[in-house]
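The next block holds one structure in the form of structure tokens; read it before the comments.
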């Protein structure tokens, strides 16, 4: 798409309404200029039209996605790798975040 921030926002909203997509993958023509232009011109227009968030509720992504708190539930297999407060874990797969 090429156009003003308002034109791009209008076209994105039209695509969303007609196809029910829930997001867009953006590519760049020049870097970082393309993304700066999107942030400066398109996002504010989408926000004015109610099509883009203006803020986020506090909390972790896990809590927002699953609505069950910010930690794994006790019955989840990964919860068995939790450390108790004050414990020291020797380096290894269980003590490396994200593994």
Next on the checklist: Quick check on my filter: what residues within region 23-36 are assigned to a helix (DSSP H, G or I) and within 19 Å of the chain's Cα centre (by Cα)?
Outcome noted: 35, 36
Next on the checklist: Of everything in region 37-73, what is under 30 Å from residue 5 (Cα atoms) and either in contact with a strand residue (DSSP E or B) (Cβ under 9 Å, 6 or more places away or on another chain) or outside any helix (DSSP H, G or I) (or both)? Give them in sequence order.
Outcome noted: 49, 50, 51, 52, 53, 54, 55, 56, 57, 58
Checklist entry - Would a scan of region 77-89 turn up a residue that is modelled with pLDDT of 95 or more and in contact with a helix residue (DSSP H, G or I) (Cβ under 6 Å, 6 or more places away or on another chain)? => result no
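The values are calculated or read from the model by the stated rules, or taken from the named source; none is laboratory data. These figures come from a predicted structure and were not determined experimentally. Cβ sites come from the backbone with ideal geometry, for glycine too, and all protein chains shown count toward neighbours.
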